[in-house]
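**Q** Please read through the structure below; I'll follow up with questions.
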Amino acid sequence: MALATPTPLPFPQAEGRENPVQASSQDFVVDFAEQFSALQGKFIFCLDKNELAQNLQRLCGQNKWTKIYCGEKPLQSLLNPKTLHNDIATCEASVTSCEALVARTGSILLSSAQQGRVPSVYAPVHVCIASTSQLVYDIKDGLTRVKDKYKDALPSLLTLATGPSRTADIEKTLVVGVHGPKEVYCFVVDDGAA
């Protein structure tokens, strides 16, 4: 019944106005990197796809990952085929793409159109691969991008990942990795569009 008769907006004159938080004068890449890193995310900027592949291989080697879950064919080509692992429950890391990167909050906008929610939440380490053209300033901009991309066939799930999972429920002590990944890496490759 509540959906049939929605509650009117309390401040209709505020609807559709400009965002009160304006983009800074610096590059969105810098904004995102600062916010993402402040939230314990690990940011890696790559000049091109070759540098991306080298840095990703180096990260996998340094961490000795032999079981990497990745359901996206274009991203699988960046990984050593011997490390690809089909079971999310026993993987050491997952690699995904994203819909957008939100510079203001340091968030990764994910949808079910990629690999669903499971790889970015269930694996102990989440590695996101994005390009500079996917950077937007605010969440509203990211949602608009998704709406424009998918039109009337919106993905069934949109979610924001903002750094590693954390909670302070246990005696007000911050604990990382309780409800999701303990580490989150974001590789951003320059595609010349930013």
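None of the figures in this text is laboratory data; all of them are computed from the coordinates on show. Please read these numbers as outputs of a predicted model, since none were measured by experiment. Glycine gets a Cβ as well: all are built from the backbone with ideal geometry, and neighbour counts include every protein chain shown.
**Q** Looking at the stretch 63-167, I'd like the Rg to Rh ratio, where Rg is from alpha-carbon atoms and Rh is Kirkwood's inverse mean 1/r.
**A** Using Cα coordinates only, the ratio equals 0.98.
**Q** Could you derive backbone 3J(HN,Hα) for the stretch 59-74 from the dihedral phi with the Karplus parameters 6.51, -1.76 and 1.60 (θ = phi - 60°), listing whole Hz in sequence and x where the residue is Gly or Pro?
**A** Those phi angles translate into 4, 4, x, 4, 8, 6, 6, 10, 10, 10, 8, 8, x, 9, 3, x Hz.
**Q** Next question. Check cross-link reach from Lys149 to the lysines: straight Cα distance under 16 Å, and skip same-chain residues fewer than eight apart.
**A** Here the lysines satisfying the reach criterion relative to Lys149 are Lys140.
**Q** Using a 10 Å cut-off around each Cβ, can you sort Phe43, Phe28, Phe36 from fewest to most neighbouring Cβ atoms?
**A** Phe43, Phe28, Phe36
**Q** Next question, about the same structure. Which pairs break 21 Å Cα to Cα here: Lys49/Lys73; Lys49/Lys182; Lys64/Lys182?
**A** Among Lys49/Lys73; Lys49/Lys182; Lys64/Lys182, the Cα-Cα distance tops 21 Å for Lys49/Lys182.
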